[in-house]
Structures are given as C-alpha cells and as structure tokens.
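Working notes for the structure below.
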C-alpha cells in the first residue's frame with residue numbers, strides 16, 4: 001500500500017485519480033483550495049485519510065500546505081495535478097505579485113517539490129498544449145506581451161515539464177515524470193472533450209504506484225500510459241536551470257540539491 005498526496009483533488013482528474021487509488025487499497029491525502037471545498041470533498045470521498053487546505057496561488061498558503069502534508073508523515077508519491085486552464089482571463093496579480101496562471105501552474109508545484117519531504121515518486125500533470133509554448137523563458141509573467149489565456153496556459157505547461165526534468169536530473173534516484181492527460185471532459189476541459197477521462201487519471205496513478213518497470217523510469221512524458229515525445233526544448237539543461245533559478249529567486253526557496261538515496 002502506498003500513501004499518495006494529490007493537489008487539486010476536489011473534483012475532475014484529481015478526485016478520479018484519488019478514487020482509483022482508494023479502490024486499489026492505497027492511502028490518499030486530498031487537497032482543497034478552501035474550507036468549503038474541503039468539507040464538500042470529505043463528504044464526497046470519506047475514504048480519504050486526510051484533506052489539506054490552502055490556496056496554491058498564494059505562496060504563504062502553499063508553504064502551509066507543504067507543512068500540513070509533512071505533518072501527516074512521509075508520502076510515497078506526490079501527484080501535482082492542480083492547474084488553471086487555457087480560458088483564464090488576465091487577473092490582478094496574486095497577493096505575492098505573481099501572474100496567476102504562472103503562480104498556480106508553475107510556482108505551486110515548484111514550492112511543494114522543494115518543501116515536501118521527498119517521496120519515492122513524483123508525477124506532474126502537464127498538457128499536450130505545451131507543444132505550442134514560447135520556450136524562450138523571456139516573459140514568464142506576461143509583463144510585456146498582450147495577454148492570451150491559451151498561450152499563457154501552454155507556456156505554463158511547458159514550464160511544468162521543464163521543472164519535472166530539472167527535478168529528475170537533480171534527484172536521479174526519485175522517478176519524476178510528467179503526463180498529458182488528454183483533452184478530457186472535466187470542468188476545465190468541458191463536456192464535449194473527446195479523450196478518455198479514466199485513462200487520464202490512471203496514467204497518474206500508474207506512475208505513482210505501479211511496479212511495472214515502464215512506470216519506474218524518470219524524466220519521461222506520458223500519454224495514456226504510453227511514453228511519447230514532448231517538445232524537444234524540455235531537455236535543454238540551460239532552460240531547466242534558468243527556470244529553477246527564476247523560481248528560487250521569486251520564492252526565496254531554492255530546490256534542494258540531490259537527496260540521499
């Protein structure tokens with residue numbers, strides 16, 4: 001039995017992944033943005049062992065989420081599932097002065113990776129839309145470009161795979177992989193989305209818990225449990241290091257160096 005923490009798990013892919021894990025006898029820690037959503041998900045899925053609460057657009061709240069998770073004890077896997085979607089409008093910056101899509105989709109998984117006791121496996125939920133990203137890292141927070149929600153989302157999902165591969169390189173003994181769940185019928189994807197919601201969730205859980213050697217690799221990108229090719233720039237170590245440096249400066253929290261095996 002594994003203990004797994006899933007961010008953004010009150011509905012959609014996160015909650016479905018949690019239910020698959022619970023059905024298989026694993027222990028699951030859920031995450032909710034606020035107390036109301038936490039109460040709702042406790043009623044919806046009472047089998048969860050715990051629900052941690054915090055708004056991941058807020059760095060202080062994200063740090064508190066990490067502390068709540070660590071207080072529960074070490075987890076065997078962490079699935080970074082939380083995300084804002086491609087239809088987001090430009091909002092006022094977060095309380096930390098960070099563009100909100102970048103804050104949730106990139107800074108939150110970065111901070112949680114840096115602060116949660118390292119698990120045995122890490123899974124990051126990206127998107128096939130990352131293939132259309134601006135890979136230059138030249139305007140990460142959209143201060144110079146005219147806002148485009150779809151492009152901001154695509155960029156953030158490219159950055160999330162960069163983060164995955166940077167973590168995989170820095171912590172080589174901890175499998176860290178990213179996935180494209182497909183265009184699935186969630187609140188974000190819409191009812192008419194054509195891909196298989198179940199396969200999107202089971203790819204997460206397979207990478208988090210399976211003994212299959214194909215799930216024990218690191219620094220790879222998956223779609224429906226099959227390894228596929230991401231944008232080639234995600235392998236550029238100079239871009240990986242640039243993103244880590246930017247996130248470390250912005251948060252004041254560097255990603256720890258290689259963890260002991």
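The values are calculated or read from the model by the stated rules, or taken from the named source; none is laboratory data. Given the structure is predicted, the values throughout are model-derived calculations rather than measurements. Don't worry about glycine lacking a Cβ; one is built from the backbone with ideal geometry, like all the others, and counts go over all protein chains shown.
Filtering segment 1-49 to residues that are part of a helix (DSSP H, G or I) and on the phi > 0 side of the Ramachandran plot leaves only 12. Of all residues in segment 71-89, those that are modelled with pLDDT under 75 and surrounded by fewer than 16 Cβ atoms within 10 Å (Cβ to Cβ) total 2. Scan segment 227-244 and give yes if some residue there is without any contact (Cβ under 8 Å) to a residue 60 or more places away in the chain, touching a helix residue (DSSP H, G or I) at 6+ places or on another chain (Cβ under 7 Å) and crowded, with 20+ Cβ neighbours inside 10 Å, otherwise no. The answer is no; no qualifying residue exists. The requirement of being assigned to a helix (DSSP H, G or I) and either within 30 Å of residue 27 (Cβ to Cβ) or at pLDDT below 95 (or both) is not satisfied by residue 92. Mind listing whichever residues of segment 115-142 are more than 28 Å from residue 5 (Cβ to Cβ) and touching a residue at least 12 places away in the same chain (Cβ under 8 Å)? Listed by number, the residues that qualify are 131, 132, 134, 135, 137, 142. With respect to residue 120, determine if the residue is surrounded by fewer than 19 Cβ atoms within 10 Å (Cβ to Cβ), out of contact with any helix residue (DSSP H, G or I) (no Cβ under 8 Å at 6 or more places or on another chain) and either closer than 19 Å to residue 240 by Cα or modelled with pLDDT of 95 or more (or both). Judged against the criteria, residue 120 is a match. Return yes when residue 28 is more than 19 Å from residue 109 (Cβ to Cβ), buried (at least 19 other Cβ atoms within 10 Å of the Cβ), in contact with a strand residue (DSSP E or B) (Cβ under 8 Å, 6 or more places away or on another chain) and modelled with pLDDT of 95 or more and no when it is not. Judged against the criteria, residue 28 is not a match. I'd like the residue in segment 121-149 that is under 16 Å from the mean Cα position of the chain (by Cα) and part of a loop (DSSP other than H, G, I, E, B) and, out of all such residues, is farthest from residue 14 (Cα to Cα). Taking the candidates together, the pick is 127. Looking for something within 27 Å of residue 174 (Cβ to Cβ) and in a helix (DSSP H, G or I) - is there at least one such residue anywhere in segment 75-88? No, every residue in segment 75-88 fails to be within 27 Å of residue 174 (Cβ to Cβ) and in a helix (DSSP H, G or I). When 193, 152, 208 are checked against the criterion of being in a helix (DSSP H, G or I) and either farther than 20 Å from residue 7 by Cα or modelled with pLDDT under 95 (or both), 152 stands alone in meeting it.
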